[in-house]
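The structure appears below as structure tokens.
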Amino acid sequence: MKPTTSVVSFLILLFFTYLAFQFAMPAYRPDASLPKTDFSTDRALEQLRHISQKPHGVGFPAHTAVRDYIREALEGMGLQTELQTGYTAGDWGNLSKAENILARLPGREPGKALLLLSHYDSSPHSSLGASDAGSGVVTILEGLRAFLAANQQPKNDLIVLISDAEELGLNGADLFVNSHPWAHDVGLVLNFEARGSGGPGYMLIETNGGNAGLIDAFTAAAPPYPVANSLAYSIYKMLPNDTDLTVFREDGDIQGFNFAFIDDHFDYHTALDSWERLDRNTLAHQGSYLVSLLSYFSEADLARLQSPDDSVYFNMPFLGLMHYPNTFIWPGFALALLLLLATLITGLRNGTLSARGMAFGLLPALAVLGLNGLLGYFAWPMLKAAYPAYTDMLHGFTYNGYLYIGALAALAFGSGFLIYGRRYKGNAADALVAPALLWLLLCGALNQYLPGAAFFVLPGIALLAGLLILVLEPRPSPYLFTMLGVPALWLFAPFVKMFPVGLGLKMLVTASLMSSFIFLLLLGIFLQYPQRRRFGWLGVLVGAGLLVGAHLTSGFTPERPKPSSLLYVMNAENGQAHWATYEKVPSAWTRAYLGSNPADAASSNGLALSSKYSTGFSFVAEAPSKEVLPPELSVSQDTLVGGQRLLTLEITSQRPVNRLEVFTGDSPIDRAAVNGIPLSEAFLQQRRGGKLITHFVSDNDPTRLELALPAGSSLDLTVYEASNDLLTNPLFSVPPRPEDQIPMPFVLNDAILVIKSIHFE
């Protein structure tokens with residue numbers, strides 16, 4: 001191959017890689033002037049600007065304002081709204097009073113209803129909630145407005161549920177599914193969510209049965225930019241992440257589709273989750289899903305979507321969503337094995353393959369995978385050691401995370417080219433056998449244990465086709481081999497980014513290994529390049545350049561602020577007070593209160609509080625005692641009935657609070673109810689750290705406990721009462737954060753925390 005041909009070939013591969021990302025979602029253009037019957041991203045953005053001005057978690061002042069704005073928007077379309085209000089604790093033991101917003105548009109015919117779902121509460125305490133899930137709310141509002149502007153009555157009833165308290169434990173969905181009569185009418189749910197502020201919206205299915213019926217219907221609805229694959233579906237079912245739609249599936253056996261985007265994960269649940277930072281292309285993508293699916297499912301027979309069968313599915317540019325039944329998995333794999341066997345026999349007979357050459361070809365393939373696997377595995381621990389402040393980004397994804405992903409991908413390709421450099425003595429046909437065999441072994445394991453990834457066999461078949469061509473034709477067209485590499489790029493290039501973004505940089509190993517596999521799947525063309533070592537050093541140079549760029553952007557700025565935390569913690573029993581932080585590398589703002597030598601929190605006499613990632617206090621320091629009023633506790637019942645001790649008590653706050661957490665330690669609890677909501681036996685048996693309940697307080701409502709203990713049992717009760725007003729409380733004079741800092745998400749922050757313990761003998 002001529003050097004110029006190899007350069008052209010490589011540029012073609014880069015172009016197809018670009019297409020894999022470019023065609024994942026629509027390109028936003030200003031569209032406020034579109035007809036009223038069209039979905040307008042600009043009109044949706046204007047609504048988002050209104051509802052994401054302030055944090056609006058449950059119990060926060062702006063929560064009511066956002067609720068009322070959404071109701072007015074729905075009523076402005078001619079819909080009648082209602083509020084469903086009630087306490088629920090969900091499955092997480094997080095009690096709150098949810099206020100769901102509901103509306104219903106009657107259909108032409110009786111039957112199951114289509115439900116449009118998103119949530120309007122933001123994550124406590126500082127998130128503006130623009131992407132999560134204001135983007136979902138305005139997608140529904142704008143999509144429904146455009147649908148109604150066409151003056152067409154749908155066949156199916158349309159129900160709108162803008163749920164509350166999703167961030168606290170899917171509480172609003174729990175309240176609707178288990179308490180509202182409309183829940184029995186729902187046949188399908190379209191739920192819009194977010195775990196970042198950009199990127200394509202991934203379609204994920206929630207079903208108790210098979211996915212085949214839903215996939216067939218989704219394909220028939222023909223959304224213009226489908227981004228979905230059954231591997232993500234399989235992994236999603238294995239992870240603990242839940243959405244409101246999970247409650248519909250688990251409690252109501254109601255299936256549906258989630259649409260969620262995950263890029264720029266560092267914005268998730270933070271003060272950076274603003275309407276300005278939301279990717280306009282992303283919002284347009286969510287809108288494209290809703291418009292297509294609302295049009296289709298408002299007329300479809302929603303009672304016929306259930307299926308016992310599963311399908312393998314994946315998307316590719318220009319081809320949309322492709323799928324086939326799971327029953328094809330093993331026959332397809334068998335055909336690939338037969339193709340490999342036939343190719344080996346043919347090659348050995350005509351002398352283009354040799355046993356020694358094939359064995360020799362295994363070594364560089366294993367070297368590519370081993371070297372890059374080790375680099376990816378140790379990358380995140382090494383980065384945290386080099387940049388300790390990264391540990392304070394609890395998302396596990398840094399602002400410069402994309403540079404690290406790109407660096408590992410470039411290094412994977414660079415090392416591959418160097419390993420298969422000019423000095424590699426094997427012929428191309430022998431060299432392709434090892435990657436083909438390794439890939440089929442991987443596909444066989446995935447078919448058995450993760451069948452959603454069965455489509456991985458398709459690029460392997462393209463590799464086998466290339467191997468067969470080499471066996472039959474010693475001088476094949478390089479451009480033919482270039483095109484045989486396109487399936488690998490279109491299917492797997494997005495995965496290089498998706499896994500580390502969605503699961504955190506601890507999964508950088510997936511980026512390096514997936515890049516290595518892509519290299520091996522493209523080996524048929526790469527081995528024809530005469531200047532492989534030059535390409536190798538180019539990959540190393542690009543990887544090193546990206547690492548330098550990551551280093552230069554490793555610090556914190558107003559555009560990339562550092563998460564910081566500060567709490568005032570007072571023990572009401574002895575009046576002792578402490579400053580506390582979750583930061584592993586305290587900022588100067590935090591150290592102004594902790595001092596230059598704060599105590600390790602491990603020696604802080606049990607100071608602890610639950611958080612999403614089980615994050616505990618890092619450092620504490622003594623603080624001056626303030627006259628912060630502790631909670632009051634009153635006992636209305638303490639009796640023995642039928643061999644059980646029945647205890648009823650009420651905890652009342654003497655100051656405005658946002659959160660109250662009750663711990664019962666190792667005390668045995670047979671039954672418990674909080675504000676009239678019984679806690680399940682399974683939850684009581686699985687109490688983590690002795691926690692009984694977390695009450696996210698609205699309107700300073702009291703917390704009423706009804707407990708049943710074995711007769712003769714004592715009870716040690718510890719109450720953690722918190723208000724998120726440390727920076728505004730007149731008892732304190734904490735200055736605002738510097739511009740290069742934001743409140744740390746996922747933990748209690750900017751809070752005044754009072755701990756009170758009570759012993760019942």
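Read-outs throughout are calculated quantities, based only on the coordinates presented, and are distinct from any laboratory measurement. These figures come from a predicted structure and were not determined experimentally. Glycine gets a Cβ as well: all are built from the backbone with ideal geometry, and neighbour counts include every protein chain shown.
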Output ³J(HN,Hα) for region 463-470: one whole-Hz value per residue in order, computed from phi by the Karplus curve 6.51 cos²θ - 1.76 cosθ + 1.60 with θ = phi - 60°, and x for Gly and Pro. 5, 5, 4, x, 4, 4, 4, 5
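Could the peptides 482-494, 553-565 be put in order, highest first, of the mean number of other beta-carbon atoms found within 10 Å of their residues? Intermediate values should be presented prior to the final figure.
Numbers: 482-494: 21.1, 553-565: 17.7.
Highest to lowest by the protection proxy: 482-494, 553-565.
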³J(HN,Hα), Karplus 6.51/-1.76/1.60, whole Hz, each residue of region 445-456, x for Gly, Pro: 5, 5, 4, 7, 10, 9, x, x, 9, 4, 5, 4
Read-out Rg and Dmax of the Cα atoms in Å, candidates (1) 30.9, 100; (2) 28.8, 92; (3) 27.0, 93; calculated match is (2)
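Once the convex hull of the C-alpha atoms of region 673-757 is built, how many Å³ does it hold per residue, rounded to a whole number? Don't jump to the answer; show the numbers that get you there.
Numbers: hull volume 11.8 nm³, N = 85.
With only Cα atoms used, region 673-757 gives 139 Å³ per residue.
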Within 10 Å, count the other beta carbons around each residue, average over each peptide in 107-117, 259-269, and list them highest first. 259-269, 107-117
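Could the peptides 219-231, 734-746 be put in order, highest first, of the mean number of other beta-carbon atoms found within 10 Å of their residues? All intermediate terms of the calculation are to be shown ahead of the outcome.
Details: 219-231: 19.7, 734-746: 17.4.
Packing proxy ranking, top to bottom: 219-231, 734-746.
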Mean-position separation - Cα centroids, region 715-759 and region 19-38, in angstrom: 43 Å
Considering only the chain, percent of DSSP beta bridges that pair antiparallel, nearest 5: 75 percent
What is the distance, in nm, between label points placed 7 Å from the Cα along the Cα-to-Cβ direction at THR85 and at ASP216? 4.6 nm
Relative contact order (percent) for the chain, with alpha-carbon contacts under 8 angstrom and 6 or more residues of separation? 14 percent
Measuring from the lowest to the highest alpha carbon on each principal axis, how far does region 564-761 reach, largest first, in angstroms? 59, 29, 28
Pairs beyond 26 Å (Cα-Cα), from LYS97/LYS155; LYS54/LYS756; LYS384/LYS497; LYS54/LYS384; LYS54/LYS497; LYS384/LYS562: LYS97/LYS155; LYS54/LYS756; LYS54/LYS384; LYS54/LYS497
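At 1.002 mPa s and 20 °C, plugging the Kirkwood radius over alpha-carbon pairs of region 30-316 into Stokes-Einstein gives what diffusion coefficient in µm²/s?
Here the translational diffusion coefficient equals 116 µm²/s.
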Under 5 Å between amide hydrogens, which residues at least 5 positions from ILE742 or on another chain qualify, with H placed 1.01 Å from N in the peptide plane? LYS562, SER564
From the phi angles alone, apply the Karplus equation (6.51, -1.76, 1.60; θ = phi - 60°) to region 36-44 and give each ³J(HN,Hα) in whole Hz, x where the residue is Gly or Pro. 4, 7, 9, 6, 10, 4, 5, 5, 5
Long-range HN-HN contacts of GLY57 with modeled amide H, under 5 Å: SER122
Could you give the angle, 0 to 90 degrees to the nearest 10, between helix 61-76's Cα long axis and the longest principal axis of the Cα atoms of the chain? 70 degrees
Would you work out the charge dipole size for region 30-316 about its Cα centre, treating the Cβ of every Lys and Arg as +1 and the Cβ of every Asp and Glu as -1, and quote it to the nearest 20 debye? 460 debye
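Assuming R0 = 60 Å, what is the FRET efficiency of LYS54 and ASP666, from their Cβ-Cβ distance, to the nearest 0.05?
Efficiency at R0 = 60 Å is approximately 0.90.
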ARG304 versus PHE21, label points 7 Å from Cα toward the beta carbon: distance in nm? 4.2 nm
Could you size up the charge dipole of region 564-761 around its Cα centre, putting +1 on the beta carbon of Lys and Arg and -1 on that of Asp and Glu, and report it in debye to the nearest 20? 340 debye
PHE318-SER714 pseudo-label distance in nm [points 7 Å out on the Cα-to-Cβ vector]: 7.6 nm
Given 5 Å bins starting at zero, what is the percent of C-alpha pairs of region 418-481 in each, up to the one with the largest pair distance? 4, 16, 21, 20, 18, 11, 7, 3
How much length is gained on full extension from VAL548 to ALA334, taking 0.36 nm per residue of separation minus their Cα-Cα distance? 72.4 nm
Which value, in debye to the nearest 20, gives the size of the charge dipole of the chain about its Cα centre, when Lys and Arg are +1 and Asp and Glu are -1 at the Cβ? 3740 debye
